[in-house]
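Beneath this line is the structure, given in structure tokens, with notes to follow.
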Amino acid sequence: MDDKKQLEQFEAKIAAGLKIEPKDWMPEAYRKQLIRMMSQHAHSEIVGMLPEGNWITRAPSLRRKAILLAKVQDEAGHGLYLYSATETLGVDRSELLEQLHSGKAKYSSIFNYPTLTWADIGAIGWLVDGAAIMNQTALARGSYGPYSRAMVKICKEESFHNRQGYEIMMNLAQGTPEQKEMAQDAFNRWWWPSIMMLGPSDDKSPNSDQLMRWKVKMESNDAIRQRFIDRTVPQAEFIGLKVPDADLKFNDVTGHYEHGPINWEEFFDVIKGNGPCNAKRIKDRVEADKKGAWVREAATAYAAKQAKEKLVA
Amino acid sequence: MSDSQWPLWEVFVQGNPGIPHKHVGSVHAPDAEMAIQNARDVYTRRSEGISIWVVPAVEISASSPEDQGAFFEPSNDKPYRHPTFYKIPEGVKYL
């Protein structure tokens with residue numbers, strides 16, 4: 001079958017709502033774009049463990065510590081589902097990790113901000129995971145089977161992350177004046193980066209048409225951002241936190257919030273590597289990889305020994 | 001697959017007694033035992049399973065998507081394999 005005919009069938013399948021599976025024919029641009037998106041997504045899960053891991057030993061109670069440990073473990077799991085889903089497109093995980101460690105691969109801009117206080121852990125769960133859920137529930141309807149299935153599983157798990165974060169913020173916001181101030185401060189610092197992490201505005205987002213038609217992207221960045229804001233602002237108001245946007249107002253006609261200008265310069269600067277923690281995140285990741293090498297070597301040696309003993313017996 | 005990492009294992013999880021194992025994803029691991037342990041940590045953190053199978057990914061043979069039409073075609077023209085093919089007079093019971 002020629003490529004034109006293959007492409008027609010591929011697009012018809014997607015239009016009919018069917019999933020594309022690893023061995024199915026797919027255009028090279030589709031495969032490439034998915035590898036890029038899915039590996040960036042996997043990297044974000046793995047790098048995302050670092051800012052939160054920073055607070056595991058300093059969690060304010062055993063309950064909070066157990067929750068945070070479980071959340072960070074989930075992020076590792078999400079990274080693994082996503083790397084294995086990416087491998088179905090014919091790329092090796094080791095190659096992807098190499099791209100992350102060398103600084104060639106990108107990951108979500110949000111993880112280049114520091115976690116200065118305990119309230120930041122609340123803000124991350126509530127806002128960062130909240131924004132991620134908006135994006136991921138859309139991606140779960142995407143056309144590539146393994147990615148879509150990973151998203152379904154991840155979304156189920158993220159819902160706990162989102163709630164535990166909100167609970168942290170709620171407790172702080174209802175606490176002493178100092179605790180409330182800490183919650184507001186974390187909210188002030190994480191609000192704009194959370195809005196930005198959903199990606200550049202639609203007029204600056206390249207080649208979206210084809211990606212939408214191929215159901216690689218399901219919704220525009222601005223549409224997802226709007227939904228996130230509409231849902232999150234009332235949550236903030238409910239616990240008495242003030243959204244750090246002087247221009248924010250509710251439009252009675254459209255039924256949506258309108259926000260002030262977004263500092264895209266900051267966003268692109270962080271993406272380029274100039275955020276407060278870019279260098280530290282990569283350094284920590286490379287170090288974790290090095291420090292874990294002996295575990296992998298031991299596991300390999302153990303497996304070889306077991307296989308040998310089995311052969312003798 | 002390159003030899004720069006451990007072999008890939010496909011993971012199948014049985015959710016409850018009596019139902020089939022279902023494919024859930026894959027893990028890298030140096031041997032079957034560790035593949036099962038990794039699969040438990042990656043795919044069943046919320047009591048999603050009571051049993052796990054792991055199979056080396058290279059050992060799985062699959063039908064080819066390109067041949068899907070022709071390959072499964074033989075069953076398409078045999079409606080007489082379904083009970084609804086047969087007309088039974090009204091009033092006849094237990095058939």
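The values are calculated or read from the model by the stated rules, or taken from the named source; none is laboratory data. A quick note: this is a predicted structure, and the numbers were derived from the prediction, not measured. Neighbour counts run over all protein chains shown; Cβ positions are idealised from the backbone, glycine included. The area values use the complete protein model at the heavy-atom level, side chains included, leaving out ligands, DNA and RNA. Shrake-Rupley method; radii C 1.70, N 1.55, O 1.52, S 1.80 Å.
What to note about this one:
- Cβ charges +1 (Lys, Arg) and -1 (Asp, Glu), total dipole of the stretch A:43-103, debye: 600 debye
- Total buried accessible area between A and B, probe 1.4 Å, nearest 100: 1800 Å².
- Amide hydrogen proximity for residue A:217: with H placed 1.01 Å from N in the peptide plane, the residues at 5 or more positions away or on another chain lying under 5 Å are A:212.
- Only helices enter this figure: runs of n ≥ 4 DSSP H residues, each worth -39500 (n - 2.57), summed and divided by the residues of the protein assembly as shown, yield -17500 deg cm²/dmol at 222 nm to the nearest 500.
- Taking amide H as placed 1.01 Å from N in the peptide plane, residue B:26 has its amide H under 5 Å from the amide H of B:11, each at least 5 places away in sequence or on another chain.
- Separation of alpha-carbon centers, the stretch B:1-71 and the stretch A:10-73, rounded to whole Å: 19 Å
- To the nearest 10, the accessible area of residue A:204 is 110 Å² with a 1.4 Å probe.
- By accessible area with a 1.4 Å probe, ligands and nucleic acids excluded, highest first: order of B:80, A:113: B:80, A:113
- In chain B, the longest principal axis of the Cα atoms and the axis of helix B:32-43 are about 70 degrees apart.
- Three-way shape call for chain A based on the alpha-carbon gyration tensor, with the a/c threshold at 1.5: oblate
- Label positions at residue A:102 and residue A:252, each projected 7 Å from the Cα along the C-beta direction, are separated by 5.9 nm.
- Contact residues in the stretch A:268-313 (at least 10 Å² less accessible area with all protein chains than alone, 1.4 Å probe): A:296, A:299, A:300, A:302, A:303, A:306.
- Antiparallel content of DSSP bridges confined to the protein assembly as shown, in %, to 5: 95 percent
- Residues of the stretch A:140-168 with amide N under 18 Å of the 7 Å Cα→Cβ point at residue A:70: A:153-168
- Carbon plus sulfur fraction of accessible area for chain A, probe 1.4 Å, in percent: 57 percent
- When the charge dipole of the stretch B:10-95 is built from unit charges on Cβ atoms (+1 for Lys and Arg, -1 for Asp and Glu) and taken about the Cα centre, the candidate among B:85, B:71, B:57 whose Cα reaches farthest toward its positive end is B:85.
- Accessible heavy-atom area order of A:196, B:34, A:182, highest first, probe of 1.4 Å: A:182, B:34, A:196
- Estimated FRET transfer efficiency when R0 is 45 angstrom, pair residue A:307-residue A:268 (beta carbons, to 0.05): 0.30
- Rounded accessible area of residue A:80 (nearest 10 Å², 1.4 Å probe): 60 Å²
- Neighbourhood charge, 10 Å Cβ-Cβ cut-off, centred on residue A:144 and excluding it, Lys, Arg +1 and Asp, Glu -1: +2
- The label point for residue A:2 and the one for residue B:60, both projected 7 Å from the Cα toward the Cβ, are 3.5 nm apart.
- Note: relative contact order over chain B, using C-alpha pairs below 8 Å and six or more positions apart, is 26 percent.
- Rounded FRET efficiency, nearest 0.05, which uses the C-beta distance separating residue A:287 from residue A:12 and R0 of 45 Å: 0.40
- In this rough spin-label picture, where each label sits 7 Å from Cα along the Cβ direction, the residue A:213-residue A:116 distance is 4.8 nm.
- Per-residue SASA remark: residue A:116, around 110 Å² accessible (1.4 Å probe; ligands, DNA and RNA not included).
- Helix runs (DSSP H) in chain A reaching 24 Å along axis by Cα, Kyte-Doolittle at least -0.5: A:62-87, A:293-312
- Each residue of the stretch A:116-122 was assigned a 3J(HN,Hα) from its phi angle through the Karplus expression (A = 6.51, B = -1.76, C = 1.60, θ = phi - 60°), giving 7, 10, 4, 4, 4, 5, x Hz with x at Gly and Pro.
- Remark: the Cα gyration tensor places the stretch B:8-64 in the oblate category, a/c being 1.5 or greater and a/b not exceeding b/c.
- Shape category assigned to the stretch A:1-138 from the gyration tensor of Cα positions, a/c cut at 1.5: prolate
- For residue A:256, the residues 5 or more places off, or on other chains, whose built amide H falls under 5 Å of its own are A:251.
- Minimum 40 Å² accessible area buried by the other protein chains, the stretch B:15-49 residues, probe 1.4 Å, relative to alone: B:28, B:34, B:42, B:43, B:45, B:46
- Per residue, the accessible area of the protein assembly as shown comes to 55 Å² when a 1.4 Å probe rolls over the protein heavy atoms.
- Net charge contributed by nearby residues that have their C-beta within less than 15 Å of residue A:23 (K/R +1, D/E -1): -3
- Remark: accessible surface ordering of A:212, A:26 (largest first) is A:212, A:26, probe radius 1.4 Å.
- Local electrostatic count, residue A:57, Cβ distance below 13 Å [Lys/Arg +1, Asp/Glu -1]: +2
- As a fraction of the 1.4 Å probe accessible area of the stretch B:8-64, surface on carbon and sulfur atoms comes out at 55 percent.
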